[in-house]
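Worksheet: the structure to be examined is printed underneath.
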Amino acid sequence: MSVPETMKTANDEALEGLVELITFHSEETGFCVLKVKARGFREMVAVVGKIPRINVGEWIKAEGKWHIDRKHGRQFQAAHLEAVVPNSLAGIEKFLGSGLIKGIGPVYAKKLVDAFGMGVLDVIENRSAELERVDGIGPLRRQQIKESWKAQKTIREIMSFLFAHGVSTGRAFRIYKTYGEEAINKVRLDPYCLARDIHGIGFKIADQIAERLGIAKDSILRARAGLTYVLLELSNQGHCAYPRDPLLARAAEMLGIPQGTMEEALRIELENGTLTVGPGEDNETWIYLAALDLAEREVAARLAEISQGAHPCPQINLPAAVEWVQKQLGMELAPGQVAAFQGAFQNKVLVITGGPGVGKTTLVQSLVKVLAAKKLRLMLCAPTGRAAKRMTELSGMEAKTIHRMLAYEPGSGRFRYNAKSPLETDVLIVDETSMIDIQLAVHLFRAVPRHGLLILVGDVDQLPSVGPGCVLRDIIESNTIPVFRLTEIFRQSDGSQIVRNAHRVNSGQMPVLPGKDEALAGHSDFYFVSAETPAHGVELIRKLVCEAIPRRFRLQPLRDVQILTPMQKGELGARNLNAAMQAALNPQGREVERYGWKYRERDRVMQTENNYDKDVFNGDVGTIVKVDAAEQEVLVRYDDRQVAYDFQELDELTPAYAVTVHKSQGSEYPCVVLPLHTQHYVMLQRNLLYTGITRGKQLVVLVGTTKAVGLAVRNAEAGRRNTTLRRRLREAQRQGT
């Protein structure tokens, strides 16, 4: 475990010793300050250098120079620093008792050293069966010690390898979990596998490693990886495919590789099946990531298949059913609701869409009551935990997240319910369908039984899914499936400025913006606070969240108020606002610093990727309830359960005092504070403003400039996503008729 030899000089001095204290160590950069009981020195020595991983009790070898620091005194500045096996019984005992190896603490460390002396490490590594000679160590503990030792050794080798090639060490834990003992061999053979397989290590980092390993800039390996990378980046923007010639030109320019080499890279990737080719809009040739191409084809085929056949509900008198359910609900359904209600008994697949306050929830309640009365088996689901919880509360029937309903199995990496083993239901009602990307849609529709009724509910005017595709919009625009659009705003919502302004924005009108005096009166649920500069906006948001809103509306900042912002970067972006609000709302407490953030007890945090092993998903919001330095883990409470994160896994979490509007989809909050400034120019779109406003239940406060609000309202032409699901749905329908 060492830094590159090239950093050493001929005049370096040598130092060896036992690490007694780690004053500071950055997992990202490797920089450390150690207190070392060094050979030949009476007092402990301060050693400053870089090392991927270090623990108290380890023996280090260092080469460098002595330096007198004005503040900290005499230090050994190591140009070369590595951890080696301790060479004394006391050192070995301290090393084993440091907690580095699971199953061994200070007590067992002493027992092991007493039993095996200087040969104890060899016993652990090569003759672990002998460990059972020690009192208290049985087969289970022996296996735990053996596996932990092996894992630590492998992780350290990986860290050293990455560190020596100019990469920070924070991802080594994840690389080991993905590749195991084959990690170094796989990376040497094809460093670009890191970009494909490991979250947090993109093409650029893999490219750095490739360069250090001697892979040429114009190599076909790099061209192939770069081509896939460009398509992955485009899929992150929502595209399922991209026109062939612009794609090649884009990749060639980014990589600095001749067009001819890129053509050859495309040919190989098409032959290997990693990429596919097909007709896009206007019969232009489009290139797909194979998985997205397959997903679009299968979604179209499955919807066409489910649409066919007899309806699962027995014969029903629709006018009588409408009259019965209205009595059950104690209210009259609007004409649009009646049409959609009847449509659910006349079609096997249908879409119900509309904005806030138009009665989508009441319609779902009506359908649930009648279908349940007809003894049909029902399932309800939504893409996120919060959306599923809200659906449960409003429908009176349990709703699950899509992932939980399909029963993901971490061991196999598959869903238990699929085309061969469909869901045991007659009716599936899906809420917040606008959030579903093409990859989740294919898993969902695979599991719908052929005889089943599928009802897709969602607001098509909201932002599209974070992942690739535009599933709900494509289904509606394909004109292959009945669509019922609810437009009438109900009396109980008609007085809400949130609802009225959402519909104004959606129709291209400026929202009504109550001024400061009206805001102070506290009689509305929608306000606008002017902030001419971003810096002023940050300060106003701090005052609103910490002082004005709690005082005027009796809402708790940490529980009830959510800041939504158009983007991550900038003064009014999520990153800066999170730092400002953490300092204001949760300035101190037990914490751990990783990946540029301080994770502190009581912090609100958001999961940033799907983690099927932990059963938490992109966009889930929780609260840190414990930072456990001894166990090296953070406990996060999501609703009614707690999830543990190893310190090495904290890059999956981001502070969530402020989140982007995109990440808020499927969630509702008592209060939303939404900054809108010309600083957000590239993101100011009508569907973004509309989505942000509709996340607030009791109170929405816009902070910024009327110019920015106007820009967002006028910008209805958000960039169109490249998808071919519309065409494929039409083709599937023609084939089925």
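Data table
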| quantity | calculated |
| --- | --- |
| Residue check for residue 145: modelled with pLDDT of 75 or more, of a type in the set (A, V, I, L, M), assigned to a loop (DSSP other than H, G, I, E, B) and more than 30 Å from the chain's Cα centre (by Cα) | no |
| Selection from the range 698-728 of residues that are open to solvent by less than 10 Å² (accessible area, probe 1.4 Å) and either among the hydrophobic types (A, V, I, L, M, F, W, C) or at positive phi (or both) | 699, 700, 701, 702, 703, 704, 708, 709, 712, 713, 725 |
| Sole residue being touching a residue at least 40 places away in the same chain (Cβ under 8 Å) and open to solvent by 40 Å² or more (accessible area, probe 1.4 Å), chosen from 389, 327, 348 | 389 |
| Of residues in the range 530-583 being of a type in the set (S, T, N, Q) and within 21 Å of the chain's Cα centre (by Cα), the one modelled with the lowest pLDDT | 568 |
| Complete set of residues in the range 379-406 that are hydrophobic (A, V, I, L, M, F, W, C) and part of a strand (DSSP E or B) | 379, 380, 381, 382, 399 |
| Residue in the range 336-345 that is open to solvent by 10 Å² or more (accessible area, probe 1.4 Å), closer than 27 Å to residue 477 by Cβ and outside any helix (DSSP H, G or I) present | yes |
| Pair list, Cβ under 6 Å, 6 or more apart: the range 619-632 residue more than 24 Å from residue 666 (Cα to Cα), other residue aromatic (Phe, Trp, Tyr) and surrounded by fewer than 21 Cβ atoms within 10 Å (Cβ to Cβ) | 632/647 |
| Qualifying residue in the range 364-373 (condition: surrounded by 23 or more Cβ atoms within 10 Å (Cβ to Cβ), more than 21 Å from residue 306 (Cα to Cα), in contact (Cβ under 8 Å) with a residue 12 or more places away in the chain and of a type outside the set (Phe, Trp, Tyr)) | yes |
| The range 563-574 residues that are under 17 Å from residue 691 (Cα atoms) and outside any loop (DSSP other than H, G, I, E, B), paired with ones that are at pLDDT below 90 and open to solvent by 40 Å² or more (accessible area, probe 1.4 Å) (beta carbon under 7 Å, 6 or more apart) | 574/568 |
| Wholly within the range 26-124, strands (runs of 3 or more DSSP E) carrying at least 2 residues that are open to solvent by 50 Å² or more (accessible area, probe 1.4 Å) and basic (Lys, Arg) | 31-38, 59-69 |
| Qualifying position, being modelled with pLDDT of 95 or more and in contact with a Leu (Cβ under 7 Å, 6 or more places away or on another chain), among 299, 338 | 299 |
| Listing of strands (runs of 3 or more DSSP E) fully contained in the range 238-314 that carry 1 or more residues being among the hydrophobic types (A, V, I, L, M, F, W, C), open to solvent by 10 Å² or more (accessible area, probe 1.4 Å) and out of contact with any Pro (no Cβ under 6 Å at 6 or more places or on another chain) | 275-279, 285-289 |
| Options 642, 679, 665; residue that is touching a Pro at 6+ places or on another chain (Cβ under 9 Å), at pLDDT below 95 and farther than 22 Å from residue 437 by Cα | 679 |
| The one condition in (1) over 18 Å from residue 301 (Cβ atoms); (2) open to solvent by 10 Å² or more (accessible area, probe 1.4 Å); (3) in a loop (DSSP other than H, G, I, E, B); (4) in contact with a helix residue (DSSP H, G or I) (Cβ under 7 Å, 6 or more places away or on another chain) that residue 376 fails to fulfil | (4) |
| Residue in the range 79-99 that is of a type in the set (Ser, Thr, Tyr) and either modelled with pLDDT of 90 or more or touching a Gly at 6+ places or on another chain (Cβ under 6 Å) (or both) present | yes |
| Test: residue 648 is under 29 Å from residue 101 (Cβ atoms) and at pLDDT below 85 | yes |
| Residue list for the range 210-229, restricted to those being among the aliphatic types (A, V, I, L, M), touching a residue at least 24 places away in the same chain (Cβ under 8 Å) and either closer than 23 Å to residue 727 by Cβ or surrounded by 22 or more Cβ atoms within 10 Å (Cβ to Cβ) (or both) | 223, 225, 227 |
| Residue 170 being touching a strand residue (DSSP E or B) at 6+ places or on another chain (Cβ under 9 Å), part of a loop (DSSP other than H, G, I, E, B) and either more than 30 Å from residue 651 (Cα to Cα) or modelled with pLDDT under 75 (or both) | yes |
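The values are calculated or read from the model by the stated rules, or taken from the named source; none is laboratory data. Here the structure is a predicted model, which means the values were calculated and not measured. Note that we place each Cβ from the backbone using ideal geometry, even for glycine, and neighbour counts take in every protein chain shown. Note: accessible area is taken over every heavy atom of the protein model, side chains too, but ligands, DNA and RNA are not part of it. Shrake-Rupley method; radii C 1.70, N 1.55, O 1.52, S 1.80 Å.
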